[in-house]
Amino acid sequence: DVVAKKSDGTADPESKNWTVDLIRKSCSCRVFDFDKIPCVHALAAFMEFNTSNVHSSRYPLQMVELVSEYYLNEVWQLAYWRTIFLVPHESEWDVPGDVK
């Protein structure tokens, strides 16, 4: 669970709790689930996990692993490599008269 903290580092009892699963890439706010990009709660959980968790050395997790592979540059390049064509300069366009 992710809980908001006060400036002194103690949990704020008046804040709302969020349940984050970094492995399943899920948060109870549902932003992480739908957008496939970590929400602020997931980022907070990630930071807490990597800085204070004794298991983080046995289960290392990189921030880039939290983002869906669909946002990676290589995936976008593969998805559009055949469908994006270069557009020539406007002076080279052959525009029919009825369209002008």
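A few comments on the model shown:
- Candidates E74, E90, E48, filtered to the one that is among the acidic types (D, E) and at pLDDT below 90: E48
- Residue within the range 21-34 that is surrounded by 13 or more Cβ atoms within 10 Å (Cβ to Cβ), aromatic (F, W, Y) and modelled with pLDDT of 80 or more present: yes
- Qualifying residue in the range 60-71 (condition: modelled with pLDDT under 85 and surrounded by 14 or more Cβ atoms within 10 Å (Cβ to Cβ)): yes
- Scanning the range 84-99 for residues that are of a type in the set (G, A, S) and under 42 Å from the mean Cα position of the chain (by Cα) yields one hit, S91.
The values are calculated or read from the model by the stated rules, or taken from the named source; none is laboratory data. Please read these numbers as outputs of a predicted model, since none were measured by experiment. Cβ sites come from the backbone with ideal geometry, for glycine too, and all protein chains shown count toward neighbours.
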